[in-house]
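A short worksheet on the structure shown next.
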């Protein structure tokens with residue numbers, strides 16, 4: 001994940017530089033759009049890695065027996081019986 005975060009930081013810097021070059025007339029707007037696409041893709045990869053890690057931790061917790069003793073709260077059972 002640190003590598004993906006470094007890539008996201010690098011693409012953000014590339015986007016910033018592309019925008020500056022466009023403002024100064026050195027690049028076309030197509031370069032800015034391409035930099036945005038790369039930046040969004042890198043950010044999405046970081047988010048997917050974080051999501052995957054969180055899902056793996058939940059799976060690990062379940063496999064190790066966590067949460068298996070949880071009971072339904074008595075409040076919801078009483079409410080359902082009253083109806």
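Any idea which residue in region 1-40 is surrounded by the fewest Cβ atoms within 10 Å (Cβ to Cβ), counting only those that are in contact with a helix residue (DSSP H, G or I) (Cβ under 8 Å, 6 or more places away or on another chain) and closer than 22 Å to residue 54 by Cα?
Only one residue tops the list, namely 1.
Of (1) over 12 Å from residue 11 (Cα atoms); (2) in contact with a helix residue (DSSP H, G or I) (Cβ under 6 Å, 6 or more places away or on another chain), residue 43 satisfies all except one. Which?
Unmet for residue 43, out of (1) over 12 Å from residue 11 (Cα atoms); (2) in contact with a helix residue (DSSP H, G or I) (Cβ under 6 Å, 6 or more places away or on another chain): (1).
Only the coordinates and a few stated rules stand behind these numbers; no lab work does. In this text the structure is predicted, and so the values were computed from the model without any measurement. Cβ atoms come from the backbone with ideal geometry, glycine included; neighbour counts cover every protein chain shown.
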